[in-house]
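I have placed the structure first, in the form of structure tokens, so that the comments after it can refer back to it.
The values are calculated or read from the model by the stated rules, or taken from the named source; none is laboratory data. All figures in this text were calculated on a predicted structure; none of them were measured in a lab. FYI the Cβ positions are ideal-geometry reconstructions off the backbone, even for glycines, and counts take in every protein chain you see.
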Amino acid sequence: MKITIIGGTGHVGTYLVPRLVELGHEVTCVTRGGRAPYLPHAAWASVRKLSLDRERLEAAGRFAAEIAALGPEAVIDMICFTPESALQLAAGLEGRVQHYLCCGTIWVHGHSVQVPTTEEAPRAPFGDYGVRKAAMEKALLDLARRRGFPATVLHPGHIVGRGWIPLNPAGNFNPGVFAVIARGQTLTLPNLGLETVHHVHADDVAQGFVRALNARQASLGESFHLVSPAALTLRGYAERMFAWFGRKPTLAYLPWEQWRRTASEEDALETLEHISHSPCCSIEKARRLLGYQPRYTSLEAVTESVEWLLENKVIQT
């Protein structure tokens, strides 16, 4: 099959493109710049690479035509962030492609109500990113149901893997949190550390896209969560990371308004966003309809990332 991937050199694309090539697909990778994938792989030698500025071409109303001109049978869109962008591309691909797979986010759910959250849960997103992604999902699935546009939306959790700083046990991306743990120092968490985060390894996200592509009839007009088998509480996450470093857990807790004064403004905002969502998502639908089976638990995915951070001295112990 001829497959075009938009945004194919990112973290997921690093694993997705080799998977597709090894399955015998003809792959074109569309990116805005010349960034190399996170990990080398021989498969990239057979990939057609094309540089297109999506934002500029969309503003001119030409992006969809450029993608359609490549003659893809399937399009995998890793970098669509608005319903307007999705619908413009869909209009140009309608009747010309067999499958359009778009990357969403588990943040389309907003606050968790009943956990684990299923794909059928009512949407109540908040924050610009979640709101836009939810609107994008709705637009595509409405188009699929009303007009038969062959869309599938896949919602990853907090993506991790080598070359990537993982969301840490304090709910932000400061690698210094892992250094505190590695040294066996006291780590202070907000509230009681019982909010949740839900990671996923980038290769498991890639697996989910491939399975949705292969199970086309089951995936058309549907959305799926792509996360690890289970979410982690901040406290449980921290305790396991202390153990991984061979340290006894030393934790303290502060109410949110006090805790936020112990962090930088950027870290505090990131933590607030993550603990406000506290995602915990079900993968039962993806398992049942796609055969999705994540290879990594949350901790396994995170520790692979942390090993890379240690090797590259991003974490100073």
Next on the checklist: Exactly one condition in (1) free of Cβ contacts under 8 Å to residues at least 40 places away in the same chain; (2) out of contact with any helix residue (DSSP H, G or I) (no Cβ under 7 Å at 6 or more places or on another chain); (3) over 30 Å from residue 127 (Cα atoms) is false for residue 41; which is it?
Outcome noted: (2)
Checklist entry - Scanning for something assigned to a strand (DSSP E or B), in contact with a strand residue (DSSP E or B) (Cβ under 7 Å, 6 or more places away or on another chain) and over 12 Å from residue 206 (Cβ atoms), does segment 9-19 turn up at least one residue? => result no
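May I ask you to verify whether residue 212 is buried (at least 22 other Cβ atoms within 10 Å of the Cβ) and touching a residue at least 40 places away in the same chain (Cβ under 8 Å)? I'd like the intermediate steps shown before the answer.
Values: buried (at least 22 other Cβ atoms within 10 Å of the Cβ): yes; touching a residue at least 40 places away in the same chain (Cβ under 8 Å): yes.
So residue 212 fits the description; yes.
Have a look at 289, 269 and point out the one that is hydrophobic (A, V, I, L, M, F, W, C) and under 16 Å from residue 119 (Cα atoms). Before the answer, list the steps.
Details: 269 fails: under 16 Å from residue 119 (Cα atoms).
It is 289.
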Item to check | Contacts under 8 angstrom Cβ, first residue in segment 175-194 being without any contact (Cβ under 8 Å) to a residue 60 or more places away in the chain and closer than 20 Å to residue 257 by Cβ, partner surrounded by fewer than 22 Cβ atoms within 10 Å (Cβ to Cβ) and not small (Gly, Ala, Ser), 6 or more apart | outcome: 194/233; 194/235
Checklist entry - Name the residues in segment 96-136 that are basic (Lys, Arg) and either surrounded by 17 or more Cβ atoms within 10 Å (Cβ to Cβ) or outside any loop (DSSP other than H, G, I, E, B) (or both), would you? => result 132, 133
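Would you please name the residue that is surrounded by the most Cβ atoms within 10 Å (Cβ to Cβ), looking only at residues in segment 242-275 that are part of a helix (DSSP H, G or I) and among the hydroxyl-bearing types (Ser, Thr, Tyr)?
Of all residues in segment 242-275, those part of a helix (DSSP H, G or I) come to 242-244, 256-262, 265-275.
Going one step further and asking which of them are among the hydroxyl-bearing types (Ser, Thr, Tyr), we end up with 262, 271.
Numbers: 262: 13, 271: 25.
Taking the candidates together, the pick is 271.
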Checklist entry - Among the residues of segment 101-113, which ones are out of contact with any Gly (no Cβ under 7 Å at 6 or more places or on another chain), modelled with pLDDT of 95 or more and over 26 Å from residue 4 (Cα atoms)? => result 109
Next on the checklist: Residues that are under 18 Å from residue 16 (Cα atoms), in contact (Cβ under 8 Å) with a residue 40 or more places away in the chain, assigned by TED's automatic domain parsing to the domain that holds residue 131 and surrounded by fewer than 16 Cβ atoms within 10 Å (Cβ to Cβ): does segment 72-92 have at least one?
Outcome noted: yes
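So for segment 110-121 (the condition being of a type outside the set (Gly, Ala, Ser) and within 15 Å of the chain's Cα centre (by Cα)), does at least one residue qualify? Working first, answer last.
Narrowing segment 110-121 to residues of a type outside the set (Gly, Ala, Ser): 111, 113-120.
This time we only want the ones that are within 15 Å of the chain's Cα centre (by Cα), so: none.
No, segment 110-121 has no match at all.
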Checklist entry - When residue 168 is evaluated against the numbered criteria (1) among the polar types (S, T, N, Q); (2) surrounded by 24 or more Cβ atoms within 10 Å (Cβ to Cβ); (3) part of a strand (DSSP E or B), which criterion, by number, is the only one it fails? => result (3)
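Filter segment 176-203 down to residues that are among the polar types (S, T, N, Q) and assigned to a loop (DSSP other than H, G, I, E, B) and give me whichever is nearest to residue 159 (Cα to Cα).
We begin by selecting, within segment 176-203, every residue among the polar types (S, T, N, Q); these are 185-186, 188, 191, 196.
Now drop any that are not assigned to a loop (DSSP other than H, G, I, E, B), which leaves 185-186, 191.
Numbers: 185: 27, 186: 26, 191: 25 Å.
Selected residue: 191.
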Checklist entry - For segment 276-287, does any single residue satisfy the condition of being assigned to a loop (DSSP other than H, G, I, E, B), among the hydroxyl-bearing types (Ser, Thr, Tyr) and out of contact with any strand residue (DSSP E or B) (no Cβ under 8 Å at 6 or more places or on another chain)? => result no
Item to check | Where residue 115 falls short, out of the listed (1) within 18 Å of residue 227 (Cα to Cα); (2) without any contact (Cβ under 8 Å) to a residue 12 or more places away in the chain; (3) not acidic (Asp, Glu) | outcome: (2)
